[in-house]
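Undergrad: My structure is below; once you've seen it, I'll send some questions.
The values are calculated or read from the model by the stated rules, or taken from the named source; none is laboratory data. Computed from a predicted structure; not experimentally measured. All Cβ positions, even for glycine, are placed from backbone atoms using ideal geometry, and neighbour counts span all protein chains on display. For accessibility, only protein heavy atoms count, side chains too; no ligands or nucleic acids. Shrake-Rupley method; radii C 1.70, N 1.55, O 1.52, S 1.80 Å.
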Amino acid sequence: MKPTPFDYSAPGSVGEVLALLADEEREAKVLAGGQSLIPMLSMRLARPGLLVDITRVPGLDRLYTDVSGALHIGAAVRQSRAADDPVVREGWPLLAAAIRRIGHPQIRHRGTVCGSLAHHDPAAELPTAALALDARFVIAGPGGTRTVGAADFFVATFQTAVAPDELLTEVVLPPRARDGWAFEELARRHGDFATVGVAVTLRRAPDRRTVGAARAVFCGAGPVPVRLPAVEEALTGTDAGTAALDAAASAALAGLAPADDVHATAAYRREAAAHLLVRACTLAWERCS
Amino acid sequence: MTTDLATPDPAAATRAAAPPLAEPSGWHEIRLTVDGASVTAQVESRLLLSDFLRDRLGLTGTHVGCEHGVCGACTVLLDGEPARSCLTLAVQCEGAELRTVEGLAPGDAPLTPVQRAFHECHGMQCGFCTPGFVMTATALTEQPQRPDAADVADALSGHLCRCTGYRNIRRAVCQALDERFAGGPAGRGE
C-alpha cells in the first residue's frame, strides 16, 4: 500500500516546527529518519495531514559533550553517527551497543536516536538503554522548554511524555561513569526487535570486591522499559558470584510480568529474561574498571 | 459576477504542471543528483523514493519487495550510505546525492569490482534481491578501512535472499573487498 495524502514541510527553526505542530486543523507528525513512521504511513496505520521534517533545523544535528561531561544527542542525530562516534563508544558503550542491535546498517544510517525514543516501541533497544543510563529528555513546546527524566518519559506503548504539539529536541546522558555494562537480547533474527532483552550496569564498591550499585532494565517485558529494584537489591553488596546471580535471576522471574504474544509466551519471556540477566551481569562485572 | 481567471491559484497551477497522480496533496519541487545527473522534479509529498526512482525516472534496477523496510531489495546509496528507498520519501531527498545500481556501470562501462565479483562467484539465484546487495557491498568497498567479518555479516543481514543461502553472496563481497583492500590488515573475512 501507499501512504494516504499528506503535506510536508521542512522548517528551519524549532519555533517554526512548533507552530506547525500547533495546527489544530490537521494532525501533524514529526518526521526525522522515518524508519518507523514511513512503514506506518505505507500500511496506513498512521494518516497524518502534515509531516514536519525536522532534519533541516540548524542545531538539531548536534552531538556533543558539555562542560559537565554530559552527552547531548540532538533530535536529528542519526543512529549510525552516534554509535560510530569515538566519544560515545568510549564514554557510553552501552548506548553504542544498544544502537548496534537496531535493525541493520541500512536502517541505522537513516533512523535517529531521538526518533526511536519518541516513537517508544517497548521492544526497542534505545528506550531501555536510556532508562539504564538515566537519560534526561529536553522537550520544547508552546509554553517553553522542559526536561523530563527517563522514569517519567515512557508512558505506554508508543506513548511518551511528549505531547502532540511538542518536540523532543535532545536527549542528555549524564557524564560517563566507569560502570561495567552489558546489553543482551533474544531476538528471532539478528536485527529484529527483542523478544526480550536487558541492559545492566554494575559499579564496584570502594572495597573493589563487591557491587556498590546495580541497575537492570528489561525491554520486551511490558508496555514500558521495566526497571526491577528487587534485582538491583539482590546484586548490591554481593561479589556478583553464583549465589548473587541466582538470587537476581529469581527476582527477575518473580518481578517480570510480560505479555503473551505470537512470538513467545509470558513464561518463556520471563525464563529467557532471567537467563539474559545472568549473562549480562557476568559480562558487566567483567567490564567493571 | 465573473470568476477572475487572470489570477489563478498558484498551487493549482503547480499541480496542473505535475503528473496526474492520485489525490491532490502537497506538491514540492526537489533538486537532487541521481547517478551523477542533476534532477529537478515535482513530487507529491507521499511519493516514496523507490517509486520516484522507478516510475518517474525509469530507473527500475532498484527493486521493490516488501515495501516496509525488511527485505532490502530497494537499497540505494543516499549521500554515500546504503538506505532503504522504500523507507524514504522523495521529498526528503532535496539536495541529496543518490546512487542506484544503474549508476555503477552505465552504458558500455566495465562492471565495477563488486558487480564482477557477484558475477564470478554467482552471488545470486533469481537475482531479484541482487541490486540491493550490490549497493550495500559497494558501500562496504568504499569505506576507508576494510570492514571485518562481523561488519560484513551485519551489512548483509539487512538483505533477504529467499532463493538460497548467503554463501556465494558473501564470497562475492569478500572477493570485492580483497580486490579493494589488497594487502590490508584484515583477513578474508569469511
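Undergrad: Short version: ³J(HN,Hα) in whole Hz for each residue of region A:264-280, in order, from phi by Karplus 6.51 cos²θ - 1.76 cosθ + 1.60 (θ = phi - 60°), x for Gly and Pro, what are they?
TA: 7, 7, 4, 4, 5, 4, 4, 4, 5, 4, 5, 5, 4, 4, 4, 5, 5
Undergrad: What ³J(HN,Hα) values, in whole Hz, does the Karplus curve 6.51 cos²θ - 1.76 cosθ + 1.60 give for region A:252-257 when θ = phi - 60°, with x put for Gly and Pro?
TA: Running phi through 6.51 cos²θ - 1.76 cosθ + 1.60 with θ = phi - 60° gives 5, 4, 6, x, 8, 10 Hz.
Undergrad: Here's a follow-up. What does the helix-only formula give at 222 nm for the protein assembly as shown: each DSSP H stretch with n ≥ 4 adding -39500 (n - 2.57), the total divided by the residues, and the result rounded to the nearest 500 deg cm²/dmol?
TA: -8500 deg cm²/dmol
Undergrad: For A:LEU277, what is the net charge nearby, where nearby means another residue's Cβ is under 14 Å from its Cβ and Lys, Arg count +1, Asp, Glu -1?
TA: -1
Undergrad: Still on this structure, I have one more. Out of A:ALA177, A:ALA213, A:ALA124, any idea which swings most in a Gaussian network model of chain A, alpha carbons joined below 10 Å?
TA: A:ALA177
Undergrad: Take the alpha carbon gyration tensor of the protein assembly as shown, find the square roots of its eigenvalues, order them as a ≥ b ≥ c, and report rounded if a/c is under 1.5; if not, report prolate when a/b exceeds b/c, else oblate. Kindly include the intermediate steps, with their values, before the conclusion.
TA: Values: a/c = 2.06, a/b = 1.31, b/c = 1.57.
Oblate, since a/c reaches 1.5 and b/c is not below a/b.
Undergrad: To the nearest 20 debye, what is the magnitude of the charge dipole of region A:145-231 about its Cα centre, counting +1 on the Cβ of each Lys and Arg and -1 on the Cβ of each Asp and Glu?
TA: My answer is approximately 560 debye.
Undergrad: While we're here: Of A:THR265, A:THR65, A:THR195, which has the largest mean-square fluctuation in a 10 Å C-alpha GNM of chain A?
TA: Comparing A:THR265, A:THR65, A:THR195 in the GNM, the peak value goes to A:THR265.
Undergrad: Hey, another quick one. Pop out a list of residues from region B:149-178 that are at least 10 Å² less accessible with all the protein chains around than in their chain alone; 1.4 Å probe, no ligands or nucleic acids counted.
TA: Buried by 10 Å² or more upon assembly, which counts only protein chains, are B:ASP154, B:ALA155, B:SER157, B:GLY158.
Undergrad: If you place +1 on the Cβ of every Lys and Arg and -1 on the Cβ of every Asp and Glu, how big does the dipole about the Cα centre of region B:34-159 come out, in debye to the nearest 20? Don't jump to the answer; show the numbers that get you there.
TA: Working: 7 positive and 16 negative charges, 41 e Å.
For region B:34-159, the charge dipole is close to 200 debye.
Undergrad: Farthest toward the dipole's positive end in chain A, which of A:LEU167, A:GLY237, A:PHE153, given Cβ charges of +1 (Lys, Arg) and -1 (Asp, Glu) about the Cα centre?
TA: Working it through, the farthest residue towards the positive pole turns out to be A:GLY237.
Undergrad: Something else now. Would you mind working out the accessible area per residue for the protein assembly as shown, using a 1.4 Å probe, and quoting it in Å²?
TA: Ligands and nucleic acids excluded, the figure is 44 Å² per residue.
Undergrad: Can I ask one more? Skipping prolines and chain starts, which residues have an amide H placed within reach, meaning under 5 Å, of the one on A:ARG227, given they are 5 or more residues away or on another chain?
TA: Those qualifying (amide H under 5 Å, at least 5 residues apart or on another chain) are A:PHE218.
Undergrad: In debye, nearest 20: dipole of chain A around its Cα centre with unit charges on the Cβ of K, R (+) and D, E (-)?
TA: Its charge dipole is roughly 680 debye.
Undergrad: In whole Hz, what ³J(HN,Hα) sequence does region B:119-128 give by Karplus (6.51, -1.76, 1.60; θ = phi - 60°), x for Gly and Pro?
TA: 5, 5, 8, 6, x, 6, 10, 7, x, 5
Undergrad: In whole percent, what relative contact order does chain A give with Cα contacts below 8 Å and a gap of six or more residues? Could the numbers behind the result be given before it?
TA: Values: 656 pairs, mean separation 43.1, N = 289.
After rounding, I find 15 percent.
Undergrad: Report in % the part of the accessible area of chain A that belongs to carbon and sulfur, leaving out ligands and nucleic acids; probe 1.4 Å.
TA: 52 percent
Undergrad: Can I ask one more? Probe radius 1.4 Å, ligands and nucleic acids left out: can you give me the accessible area buried at the B-A interface, summed over both chains, in Å² to the nearest hundred? If you can, show how the numbers build up before the last one.
TA: On the way: alone 10240 and 13340 Å², together 21120 Å².
Accessible area lost upon association: around 2500 Å².
Undergrad: Of B:PHE133, A:ALA252, B:GLN115, whose Cα points farthest to the positive end of the dipole of the protein assembly as shown (charges on the beta-carbon: +1 Lys, Arg; -1 Asp, Glu; origin at the Cα centre)?
TA: Sorting the options by dipole projection puts first A:ALA252.
Undergrad: Still on this structure, I have one more. Along the charge dipole of chain A, Cβ charges K/R +1 and D/E -1, which of A:SER13, A:GLN106, A:GLY141 sits furthest on the positive end?
TA: Towards the positive end, the residue furthest out is A:GLN106.
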